[in-house]
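Read the structure below first, then the notes.
The values are calculated or read from the model by the stated rules, or taken from the named source; none is laboratory data. Given the structure is predicted, the values throughout are model-derived calculations rather than measurements. A quick note on method: Cβ atoms are made from the backbone with ideal geometry, for glycine too, and the neighbour counts reach across all protein chains shown. SASA here: full protein model, heavy atoms, side chains in, ligands and nucleic acids out. Shrake-Rupley method; radii C 1.70, N 1.55, O 1.52, S 1.80 Å.
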Amino acid sequence: VTALPAWAWRGMPELFSGKHKTTGVNIQVACDLTGRLAFISTPMPGCTHDAHALKETGLLDHITTEQLIGDKGYIGLGMITPKRKPPNLPLHPDDKTYNKTVNQVRYKIERVIANIKTWRVLHTGYRRPLDTFPETITAVLGLIFTYTL
(Lines give C-alpha, C1' and ligand atoms only; values in the text may rest on other atoms or scores of the structure.)
Protein backbone atom coordinates (compact mmCIF):
# COMPACT_ATOMS: atom_id res chain seq x y z
CA VAL A 1 0.00 0.00 0.00
CA THR A 2 1.06 3.53 -0.53
CA ALA A 3 -0.51 6.76 0.61
CA LEU A 4 -1.14 9.59 -1.80
CA PRO A 5 -1.45 12.86 0.14
CA ALA A 6 -4.42 15.14 -0.28
CA TRP A 7 -5.17 18.56 1.09
CA ALA A 8 -6.67 18.67 4.60
CA TRP A 9 -10.36 18.24 3.82
CA ARG A 10 -12.51 19.50 6.68
CA GLY A 11 -15.39 17.26 7.52
CA MET A 12 -13.67 14.17 6.08
CA PRO A 13 -11.76 12.59 8.99
CA GLU A 14 -11.67 9.25 7.16
CA LEU A 15 -8.92 10.69 4.94
CA PHE A 16 -6.52 11.04 7.88
CA SER A 17 -3.90 8.30 8.04
CA GLY A 18 -2.49 7.73 11.50
CA LYS A 19 0.41 5.80 9.98
CA HIS A 20 1.43 8.64 7.65
CA LYS A 21 0.17 11.50 9.87
CA THR A 22 -1.50 13.27 6.97
CA THR A 23 -4.70 13.26 4.95
CA GLY A 24 -4.93 11.40 1.68
CA VAL A 25 -5.95 8.18 0.01
CA ASN A 26 -4.41 4.70 -0.02
CA ILE A 27 -3.84 2.61 -3.09
CA GLN A 28 -2.73 -1.01 -3.31
CA VAL A 29 0.09 -1.62 -5.78
CA ALA A 30 1.28 -5.00 -7.10
CA CYS A 31 4.06 -5.91 -9.46
CA ASP A 32 5.62 -9.08 -10.81
CA LEU A 33 9.08 -10.34 -9.85
CA THR A 34 10.67 -8.40 -12.70
CA GLY A 35 9.35 -5.10 -11.31
CA ARG A 36 6.63 -4.53 -13.92
CA LEU A 37 3.54 -2.80 -12.57
CA ALA A 38 0.70 -5.34 -12.57
CA PHE A 39 -2.13 -3.88 -10.49
CA ILE A 40 -3.26 -0.66 -8.83
CA SER A 41 -6.44 -0.49 -6.81
CA THR A 42 -8.97 2.28 -6.72
CA PRO A 43 -8.19 4.88 -4.04
CA MET A 44 -9.49 4.20 -0.53
CA PRO A 45 -9.73 6.57 2.43
CA GLY A 46 -6.41 7.20 4.17
CA CYS A 47 -7.57 5.60 7.42
CA THR A 48 -7.98 2.18 5.75
CA HIS A 49 -5.59 -0.44 7.16
CA ASP A 50 -3.29 -2.18 4.67
CA ALA A 51 -4.74 -5.68 5.19
CA HIS A 52 -8.34 -4.44 4.97
CA ALA A 53 -7.56 -2.43 1.85
CA LEU A 54 -6.06 -5.49 0.15
CA LYS A 55 -9.14 -7.57 0.98
CA GLU A 56 -11.38 -4.81 -0.42
CA THR A 57 -9.58 -4.74 -3.78
CA GLY A 58 -10.65 -8.28 -4.68
CA LEU A 59 -7.08 -9.16 -5.71
CA LEU A 60 -7.08 -12.04 -3.22
CA ASP A 61 -10.02 -13.59 -5.13
CA HIS A 62 -7.77 -14.08 -8.17
CA ILE A 63 -4.44 -15.12 -6.67
CA THR A 64 -3.42 -17.25 -3.72
CA THR A 65 -1.84 -15.37 -0.84
CA GLU A 66 1.16 -17.72 -0.76
CA GLN A 67 2.20 -16.16 -4.08
CA LEU A 68 2.29 -12.64 -2.66
CA ILE A 69 5.07 -10.84 -0.83
CA GLY A 70 4.18 -7.86 1.30
CA ASP A 71 5.33 -5.65 4.12
CA LYS A 72 4.49 -6.01 7.80
CA GLY A 73 1.07 -4.45 7.27
CA TYR A 74 -0.08 -7.72 5.69
CA ILE A 75 0.97 -10.11 8.48
CA GLY A 76 -1.83 -12.59 9.10
CA LEU A 77 -3.09 -12.84 5.52
CA GLY A 78 -0.92 -15.85 4.62
CA MET A 79 1.46 -13.77 2.52
CA ILE A 80 5.23 -13.87 2.71
CA THR A 81 6.07 -10.97 5.02
CA PRO A 82 9.02 -9.91 7.17
CA LYS A 83 8.93 -11.05 10.79
CA ARG A 84 8.13 -8.57 13.54
CA LYS A 85 10.45 -7.99 16.44
CA PRO A 86 8.97 -9.44 19.65
CA PRO A 87 8.06 -6.84 22.27
CA ASN A 88 10.99 -5.99 24.57
CA LEU A 89 13.25 -8.53 22.84
CA PRO A 90 15.73 -8.27 19.97
CA LEU A 91 14.95 -9.91 16.66
CA HIS A 92 16.46 -13.40 16.45
CA PRO A 93 19.44 -13.62 14.04
CA ASP A 94 17.61 -16.23 11.93
CA ASP A 95 14.65 -13.86 11.63
CA LYS A 96 17.01 -11.04 10.59
CA THR A 97 18.37 -13.27 7.82
CA TYR A 98 14.81 -14.19 6.78
CA ASN A 99 13.78 -10.50 6.72
CA LYS A 100 16.79 -9.62 4.59
CA THR A 101 15.85 -12.33 2.09
CA VAL A 102 12.22 -11.16 1.92
CA ASN A 103 13.25 -7.52 1.55
CA GLN A 104 15.64 -8.37 -1.29
CA VAL A 105 12.51 -9.29 -3.27
CA ARG A 106 10.23 -6.61 -1.80
CA TYR A 107 12.44 -3.78 -3.00
CA LYS A 108 11.00 -4.26 -6.50
CA ILE A 109 7.54 -3.12 -5.40
CA GLU A 110 9.10 -0.22 -3.51
CA ARG A 111 10.82 0.86 -6.75
CA VAL A 112 7.49 0.62 -8.62
CA ILE A 113 5.81 2.78 -5.96
CA ALA A 114 8.68 5.29 -6.13
CA ASN A 115 8.24 5.45 -9.92
CA ILE A 116 4.53 6.19 -9.51
CA LYS A 117 5.26 8.91 -6.96
CA THR A 118 7.70 10.69 -9.25
CA TRP A 119 4.60 12.35 -10.68
CA ARG A 120 4.23 15.55 -8.67
CA VAL A 121 0.45 15.37 -8.64
CA LEU A 122 0.69 12.09 -6.68
CA HIS A 123 3.37 12.99 -4.13
CA THR A 124 2.22 16.47 -3.12
CA GLY A 125 -1.06 17.37 -1.46
CA TYR A 126 -3.86 16.90 -4.02
CA ARG A 127 -5.79 20.21 -4.15
CA ARG A 128 -8.37 19.63 -6.87
CA PRO A 129 -11.87 18.35 -6.07
CA LEU A 130 -11.46 15.05 -4.27
CA ASP A 131 -13.84 13.18 -6.58
CA THR A 132 -11.40 13.83 -9.47
CA PHE A 133 -8.52 12.04 -7.70
CA PRO A 134 -9.30 8.59 -9.22
CA GLU A 135 -9.31 10.13 -12.73
CA THR A 136 -5.96 11.79 -12.05
CA ILE A 137 -4.47 8.49 -10.86
CA THR A 138 -5.84 6.76 -13.97
CA ALA A 139 -4.31 9.44 -16.22
CA VAL A 140 -0.89 9.03 -14.60
CA LEU A 141 -1.13 5.24 -14.93
CA GLY A 142 -2.02 5.60 -18.59
CA LEU A 143 1.10 7.69 -19.08
CA ILE A 144 3.24 5.20 -17.14
CA PHE A 145 1.96 2.21 -19.14
CA THR A 146 2.35 4.09 -22.44
CA TYR A 147 5.90 5.08 -21.55
CA THR A 148 6.95 1.54 -20.51
CA LEU A 149 5.62 -0.22 -23.60
*Can you give the charge dipole size of the chain about its Cα centre, rounded to the nearest 20 debye, using +1 on the beta carbon of Lys and Arg and -1 on the beta carbon of Asp and Glu?*
600
_Quick check on my link table: of Lys19/Lys72; Lys72/Lys100; Lys55/Lys117, which ones sit more than 18 Å apart, alpha carbon to alpha carbon?_
Lys55/Lys117
*Structure-based [θ]222 nm, the chain - -39500 (n - 2.57) summed over DSSP H runs of at least 4, per residue, nearest 500*: -11000 deg cm²/dmol
*In whole angstrom, note down how far apart the Cα centers of the stretch 26-103 and the stretch 114-149 are.*
22
*Inter-site label distance for Leu60 and Leu130 at 7 Å from Cα along Cβ, in nm*: 2.6
*Under a 1.4 Å probe, what is the accessible area of the chain per residue, stated in Å²?*
63
_Can you return the aspartates and glutamates within cross-link range of Lys83? Criterion is Cα-Cα under 17 Å, with same-chain partners fewer than 8 residues away left out._
Asp50, Glu66, Asp71, Asp94, Asp95
*Where Tyr126, Tyr98 fall by accessible area, highest first, once all protein chains stay in place (1.4 Å)*: Tyr98, Tyr126
*asked:* Explain nothing, just the number: relative contact order of the chain, from Cα pairs under 8 Å at least 6 residues apart, as a whole percent.
replied: 22
*Percentage of Cα-Cα pair distances in the chain greater than 26 Å, rounded to whole percent?*
30
*Label-to-label distance, nm, for residues given as Phe16 and Asn115 (7 Å Cα→Cβ offset)*: 3.6
